[in-house]
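Visitor: Handing you this structure, nothing more for now.
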Amino acid sequence: MPTVSVNRDALFEALGRTYSDEEFDELCFQYGLEVDDIIDDPDKGMTYKIEVAANRYDLLCIEGIARSLCVYLGKESLPNYRVVPAKEPEKYKLIVKPPTAQVRPYVVGAVLRNVTFTQGVYDSFIDLQDKLHQNLARKRTLVAIGTHDLDTISGPFIYDARPPVDISFVPLNQSEVFRADKLLEMYSHDSHLKEYVPIIKDKPVYPVISDQNGVVLSLPPIINGNHSKLTLNTRNVFIECTATDRYKAQIVLDTLICMFSGYCDQPYTAEPVQVEYPDGKKFQYPTLQYRQQEASVAYCNTLAGVSETPESIAKMLTSMSLSAKPQGEDKVIVEVPPTRYDILHECDIAEDFAVAYGFDKLASDMQMPSTNTIGQEFELNYLSDKLRLLMSQNNYTEAATFSLCSKVDLGERMKVNLDSLPWVRVGNPKTTECEAVRTSLLPGILKTVAANKHISLPLRLFEVSDVVIRDGCPSATRGTGARNQRHLCAINYNVKPGIEIVQGLLDNIMIALKVPFATDNSLKGYYLEGEDHPSFFPGFCGSIIISGVPVGQIGLIHPEVITNFNLNNPAAALEINLQKVLEITNFGR
């Protein structure tokens, strides 16, 4: 979770009183925060490092923390964030050009009017941008923020994308003009900016924002221009956020506005910027939208394990910066402010209610269950762990492969007709590697072998994990239409297949399970029965039978399967359904 460094004296001044370290730590605990460290810096003074939840973007700066704690303590009422009419609406426009669709198609903007910057406010403003870049913006891949002195530039502003050789400007804190491609080459060695260079370096065009006079404001997501650099004397701030995700850009912009609009002469206000897209669509930002959400009193009480009235719940939620009012006996209407994009569901409201109630108080209201039970390890997991130990003692190395795979890996490469398998298809997969849920561990083991061909032979791998089988008639209890099965798979990959080695491993497993070898194919014990399988070489494959029930296959892997997985040596393998084995053998009971 992100950690925010705040100056102790500045925070206490905002809170209106001083606290001892223990008192402030207790206050943070009550609000759901944690003081991670206390640093005595000779230059910056006493600093608290406060750990906040990753989804609480409004707590990533001292302004957000102080404001939330003041509301929690009842020292402040909830701010009313609002958009006021623009002073010069025709100038506050962002005109988007068609080439931007090739690199970063979205942009949002806003204006903070008559801001008063001090060194502390300025540092916090820059630090919040860095926090948002690292957290919500995923290291600028989703959103990149640009902030500019509005009085040094002239709108309307143009958001375009041009070849790097056509972009030249003086970057932030530099004194000479750089061409965009040369600039990225220089920043590829910069300790702070080098991680952002690959985002656009290989693109045919680079995004660029300029004013009506052609002055470059920024080259997102890399660097702003020096011409519009913010200073302590800046009074009017133009904020633009380019993005690959419009909604994330809206969250970032609203968060910045809400946190620092308190320093405007007209607090908690911002002027809008209109964004005009090539298709004629127009959007106005920031949204600063308030929305209402219902919460059930019974639901909140049940999740928290308490019994509070609607009035009490509404009061506690208001202290968490969620304006709430009771409605009847079983509902609370919550007004979610633009600072709380983390409120997505009724359970999020219940969580804030539990925090306001006090986590340290919840235990006193809980009752011990009426039944007295003693837990024990799940039998299937116990068997799996025992077999993992046994496999390692037989000189096999454990692999952990992905549950999702491609249809090609599951079917064509294994020489299996997918229509004959009860496989589960993944709806709308992001990549071809996530099209299906595996019905066998063997394809993943073969891909692991292919990725480790550089290791000296023999290569012996195993995996004990779940596969997923589609149910023809979903039961009322399961309801998903599919079920998990625990499998064990092992492979011996060498210049010779060594099927006798794998069969010896099978014997070892059966000895551990105390299942004798049935010499007369009786119903007691285990034996092998010749049965061809498409993935194995004909005549060199068999079913593993325990007490008359097939529980797996063993055999020499088909040469075509070997080549399909880009391998060049033979291999023998076995795969066992451990759940069937457990049902038959009653292992550990």
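Visitor: Within region 562-572, can you find the residues that are crowded, with 20+ Cβ neighbours inside 10 Å and out of contact with any helix residue (DSSP H, G or I) (no Cβ under 6 Å at 6 or more places or on another chain)?
Guide: Ile562, Ala571, listed by residue number.
Visitor: If a residue has to be open to solvent by less than 70 Å² (accessible area, probe 1.4 Å), farther than 18 Å from Lys281 by Cβ and assigned to a helix (DSSP H, G or I) to count, how many in region 67-113 make the cut?
Guide: 6
Visitor: Something else about it: Condition test on Thr373, is it more than 30 Å from Cys28 (Cα to Cα), buried (at least 20 other Cβ atoms within 10 Å of the Cβ) and among the β-branched types (Val, Ile, Thr)? Talk me through it step by step, then tell me what you get.
Guide: Values: more than 30 Å from Cys28 (Cα to Cα): yes; buried (at least 20 other Cβ atoms within 10 Å of the Cβ): no; among the β-branched types (Val, Ile, Thr): yes.
When the stated conditions are applied, Thr373 does not pass them.
Visitor: Of everything in region 510-540 that's touching a Ser or Thr at 6+ places or on another chain (Cβ under 6 Å) and closer than 30 Å to Asn417 by Cβ, which residue is surrounded by the fewest Cβ atoms within 10 Å (Cβ to Cβ)?
Guide: Glu529
Visitor: Can you name the residue in region 296-331 that is modelled with pLDDT under 90, hydrophobic (A, V, I, L, M, F, W, C) and not in a loop (DSSP other than H, G, I, E, B) and is also least open to solvent (accessible area, probe 1.4 Å) among such residues?
Guide: Ala304
Visitor: Ala10 fails exactly one of the following numbered conditions: (1) within 23 Å of Gly358 (Cα to Cα); (2) among the hydrophobic types (A, V, I, L, M, F, W, C); (3) assigned to a helix (DSSP H, G or I). What is the number of that condition?
Guide: Answer for Ala10: the failing condition is (1).
Visitor: Condition first: closer than 30 Å to Gln250 by Cα and of a type outside the set (A, V, I, L, M, F, W, C). Now tell me which residues in region 37-58 satisfy that. Walk me through it before giving the result.
Guide: Narrowing region 37-58 to residues closer than 30 Å to Gln250 by Cα: 48-58.
Within region 37-58, Tyr48, Lys49, Glu51, Asn55, Arg56, Tyr57, Asp58 meet the criteria.
Visitor: Continuing with this model, one more query. When you check Leu256 against the structure, is it open to solvent by 30 Å² or more (accessible area, probe 1.4 Å), among the aliphatic types (A, V, I, L, M) and either closer than 28 Å to Tyr196 by Cα or in contact (Cβ under 8 Å) with a residue 24 or more places away in the chain (or both), yes or no? Break it down into steps so the answer makes sense when it comes.
Guide: Details: open to solvent by 30 Å² or more (accessible area, probe 1.4 Å): no; among the aliphatic types (A, V, I, L, M): yes; either closer than 28 Å to Tyr196 by Cα or in contact (Cβ under 8 Å) with a residue 24 or more places away in the chain (or both): yes.
No: the conditions fail for Leu256.
Visitor: Search region 385-409 for residues that are more than 17 Å from Glu575 (Cα to Cα) and pair each with any residue that is small (Gly, Ala, Ser) when their beta-carbon atoms are under 9 Å apart and the residues are at least 6 apart or on different chains.
Guide: Once the first residue is more than 17 Å from Glu575 (Cα to Cα) and sits in region 385-409, its partners that are small (Gly, Ala, Ser) give Leu404/Ala436; Cys405/Ala436; Cys405/Gly444; Ser406/Ala436; Lys407/Ala436.
Visitor: Okay, moving on. For Asp471, only one of the following conditions fails: (1) among the acidic types (Asp, Glu); (2) open to solvent by 60 Å² or more (accessible area, probe 1.4 Å); (3) in contact (Cβ under 8 Å) with a residue 12 or more places away in the chain. What is its number?
Guide: (2)
Visitor: Among the numbered conditions (1) surrounded by 21 or more Cβ atoms within 10 Å (Cβ to Cβ); (2) within 26 Å of Glu379 (Cα to Cα), tell me where Gln485 comes up short.
Guide: The number of the failed condition is (1).
Visitor: Being under 22 Å from Gln284 (Cβ atoms) and in contact with a Pro (Cβ under 8 Å, 6 or more places away or on another chain): is that true of Val52 here?
Guide: Numbers: under 22 Å from Gln284 (Cβ atoms): no; in contact with a Pro (Cβ under 8 Å, 6 or more places away or on another chain): yes.
Against the criterion (under 22 Å from Gln284 (Cβ atoms) and in contact with a Pro (Cβ under 8 Å, 6 or more places away or on another chain)), Val52 does not qualify.
Visitor: I would also like to ask the following. When you go through Gly45, Gly16, Gly32, Gly64 one by one, which is the residue that is touching a residue at least 60 places away in the same chain (Cβ under 8 Å) and on the phi > 0 side of the Ramachandran plot?
Guide: Numbers: Gly45 fails: touching a residue at least 60 places away in the same chain (Cβ under 8 Å); Gly16 fails: touching a residue at least 60 places away in the same chain (Cβ under 8 Å); Gly64 fails: on the phi > 0 side of the Ramachandran plot.
Going through Gly45, Gly16, Gly32, Gly64 in turn, just one is touching a residue at least 60 places away in the same chain (Cβ under 8 Å) and on the phi > 0 side of the Ramachandran plot: Gly32.
Visitor: Next question. Please go through region 44-66 and give me each residue that is in contact with a Lys or Arg (Cβ under 9 Å, 6 or more places away or on another chain) and part of a loop (DSSP other than H, G, I, E, B), ordered by number. Explain how you work it out, then say what you get.
Guide: Kept after step one, since they are in contact with a Lys or Arg (Cβ under 9 Å, 6 or more places away or on another chain), are these residues of region 44-66: 45-48, 56-58, 60-61, 64.
Of everything in region 44-66, those that are in contact with a Lys or Arg (Cβ under 9 Å, 6 or more places away or on another chain) and part of a loop (DSSP other than H, G, I, E, B) turn out to be Arg56, Leu60, Cys61.
Visitor: Within region 114-126, track down each residue that is of a type in the set (Val, Ile, Thr) and in a helix (DSSP H, G or I). Can you show your working first?
Guide: Residues of region 114-126 that are of a type in the set (Val, Ile, Thr), as a first pass: 115-116, 118, 121, 126.
Hits for region 114-126 are Val121, Ile126.
Visitor: If we keep just the residues of region 391-439 that are closer than 26 Å to Gln503 by Cα, touching an Asp or Glu at 6+ places or on another chain (Cβ under 8 Å) and not in a helix (DSSP H, G or I), which is least open to solvent (accessible area, probe 1.4 Å)?
Guide: Among them, the one singled out is Ala399.
Visitor: Do you know which residues across region 23-42 are part of a helix (DSSP H, G or I) and more than 17 Å from Leu362 (Cβ to Cβ)?
Guide: Here is the first cut: in region 23-42, the residues part of a helix (DSSP H, G or I) are 23-31.
Selection gives Glu23, Phe24, Asp25, Leu27, Cys28.
Visitor: So, in region 147-164, how many residues would count as being touching a helix residue (DSSP H, G or I) at 6+ places or on another chain (Cβ under 8 Å) and closer than 14 Å to Val216 by Cβ?
Guide: 5
Visitor: Can you name the number of the only condition in (1) assigned to a strand (DSSP E or B); (2) out of contact with any His (no Cβ under 9 Å at 6 or more places or on another chain) that Gln293 fails?
Guide: Looking at each condition in turn, Gln293 falls short on (2).
Visitor: Would region 193-214 turn up any residue that is crowded, with 16+ Cβ neighbours inside 10 Å, without any contact (Cβ under 8 Å) to a residue 60 or more places away in the chain and over 34 Å from the mean Cα position of the chain (by Cα)?
Guide: So far as region 193-214 goes, yes, one or more of its residues are crowded, with 16+ Cβ neighbours inside 10 Å, without any contact (Cβ under 8 Å) to a residue 60 or more places away in the chain and over 34 Å from the mean Cα position of the chain (by Cα).
Visitor: Being among the charged types (D, E, K, R) and either open to solvent by 70 Å² or more (accessible area, probe 1.4 Å) or modelled with pLDDT under 90 (or both) is the filter here, so list the residues in region 332-370 that pass it. First the steps, then the outcome.
Guide: Here is the first cut: in region 332-370, the ones among the charged types (D, E, K, R) are 335, 340, 342, 346, 348, 351-352, 360-361, 365.
Hits for region 332-370 are Glu335, Glu351, Asp360, Lys361, Asp365.
Visitor: Find the residue count for region 268-316, including only residues that are closer than 30 Å to Val83 by Cβ and of a type in the set (Val, Ile, Thr).
Guide: So in region 268-316, the residues closer than 30 Å to Val83 by Cβ come out as 268-295, 314-316.
From the residues that got through so far, the ones that are of a type in the set (Val, Ile, Thr) too are 269, 273, 275, 287.
Residues meeting the conditions: 4.
Visitor: Taking the conditions exactly as written (hydrophobic (A, V, I, L, M, F, W, C), surrounded by fewer than 20 Cβ atoms within 10 Å (Cβ to Cβ) and part of a strand (DSSP E or B)), does Ile554 satisfy them or not? Talk me through it step by step, then tell me what you get.
Guide: On the way: hydrophobic (A, V, I, L, M, F, W, C): yes; surrounded by fewer than 20 Cβ atoms within 10 Å (Cβ to Cβ): no; part of a strand (DSSP E or B): yes.
So Ile554 does not fit the description; no.
Visitor: Turning to a different aspect of this structure: Can you work out which of the residues in region 154-174 that are out of contact with any strand residue (DSSP E or B) (no Cβ under 8 Å at 6 or more places or on another chain) and in contact (Cβ under 8 Å) with a residue 24 or more places away in the chain is surrounded by the most Cβ atoms within 10 Å (Cβ to Cβ)? Steps first, answer last, please.
Guide: First, the residues of region 154-174 that are out of contact with any strand residue (DSSP E or B) (no Cβ under 8 Å at 6 or more places or on another chain): 154, 166, 173-174.
Applying the additional criterion that residues be in contact (Cβ under 8 Å) with a residue 24 or more places away in the chain yields 154, 173-174.
Working: Ser154: 12, Asn173: 9, Gln174: 14.
Taking the candidates together, the pick is Gln174.
The values are calculated or read from the model by the stated rules, or taken from the named source; none is laboratory data. Since we're looking at a predicted model, the values are computed, not measured. Counting neighbours? That spans all protein chains shown, and the Cβs are built from the backbone with ideal geometry, glycine included. Remember, those area values only see protein heavy atoms, side chains included, never the ligands or the DNA or RNA. Shrake-Rupley method; radii C 1.70, N 1.55, O 1.52, S 1.80 Å.
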